[in-house]
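Worksheet: the structure to be examined is printed underneath.
Read the figures in this text as sums done on the coordinates, not as results from a lab. The shown structure was predicted, so the numbers you read here are calculated from the model rather than taken from an experiment. Because the Cβ atoms are built from the backbone with ideal geometry, glycine has one as well, and the counts that use them run over all protein chains shown.
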Amino acid sequence: MKNKTSGYTLVELLSVLALLGLLVMLAWPRYQAMADELALRQDAAILAREFRLARQSAITYGRECAVVFKVDSTSYVVRQGRDSRTITLRRGVETVWTRFPQDPVNQGNWSACRFLPLGGPLQGGTVHLRNQRGQSLYVVVAPVTARVRVTETDPRI
């Protein structure tokens, strides 16, 4: 009578687990870099959407709406009249600088992109977002048309 066994030995299972661990260890830095870049792109897209929504709210409700920034911060504020809400950037993403005028409501190093009731911005400008890996994106608001775009190249150049 033959003894038929099926399955894997402990050595085979440990070998497979060691190989999988090695593959994960090699792939993890690339995965983390892609996750950081994706977080930056998502935050830039959300900021562009908030600019467009602020403009639309100013037109709809007939009163000024502003997107307010503090330099070296991980959040920004959307303000309409007395109502405001804070949007927090993803972990590792921060506002490096802005090219908007100083906010008249907040003192200090706060700047604001203010949309007038007719939908035009008080002044155009740029927000520079950067992640912890040094990758940058710029969200630009055109002065007269209020066109919002996201670009990888610094518009000051």
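Relative to the longest principal axis of the Cα atoms of the chain, helix 10-61 runs at roughly 10 degrees. Taking Kirkwood radius over Cα pairs in Å as calculated from this structure, the corresponding entry among [x] 17.5; [y] 18.1; [z] 15.4 is [y].
Taking a ≥ b ≥ c as the square roots of the Cα gyration tensor eigenvalues, the range 90-147 comes out oblate, since a/c reaches at least 1.5 and a/b does not exceed b/c. Length gained on full extension, T74 to A142, computed as 0.36 nm times the residue gap minus the Cα-Cα distance: 22.1 nm.
Here each label is just a point 7 Å from Cα along the line to Cβ, and for R63 and Q107 those points are 2.5 nm apart. As a length-normalised measure over Cα pairs under 8 Å and 6 or more apart, the relative contact order of the chain settles at 20 percent. Over the range 43-83, Cα pairs under 8 Å with separation of 6+ residues give a relative contact order of 31 percent.
What is the sum of charges, Lys and Arg at +1 and Asp and Glu at -1, for the other residues whose Cβ falls under 13 Å from the Cβ of R85? Local net charge: 0.
Computed on the range 1-79, with alpha-carbon pairs under 8 angstrom and 6+ residues apart, the relative contact order is 15 percent.
Simple rule: put +1 on each Lys or Arg Cβ and -1 on each Asp or Glu Cβ in the range 60-157, find the dipole, and look at G134, L89, G62; the Cα lying farthest toward the positive end is L89. When both the range 26-55 and the range 121-157 are represented by their alpha-carbon centers, they are found 14 Å apart. For the range 54-106, a crude dipole built from +1 on the beta carbon of Lys and Arg and -1 on the beta carbon of Asp and Glu, taken about the Cα centre, is about 140 debye to the nearest 20.
To the nearest 20 debye, what charge dipole does the chain have about its Cα centre, counting +1 at the Cβ of each Lys and Arg and -1 at the Cβ of each Asp and Glu?
It comes to approximately 320 debye.
If R0 is 22 Å, the Cβ-Cβ spacing of V150 and R82 corresponds to a FRET efficiency of close to 0.15.
What trypsin sites (Lys or Arg not before Pro) in the range 54-157 are in a loop by DSSP, with at most 14 other Cβ atoms within 10 Å of the Cβ?
Values: sites: R55, R63, K70, R79, R82, R85, R90, R91, R99, R114, R130, R133, R147, R149, R156; in loops: R63, R82, R90, R91, R99, R133, R147, R156.
Of the trypsin sites (Lys or Arg not before Pro), the ones in loops of the range 54-157 whose Cβ has at most 14 other Cβ atoms within 10 Å are R63, R82, R91, R133, R147, R156.
Could I have the simple spin-label model distance between E37 and R91, label points 7 Å from Cα toward Cβ, reported in nm to one decimal? The two pseudo-label positions are separated by 2.1 nm.
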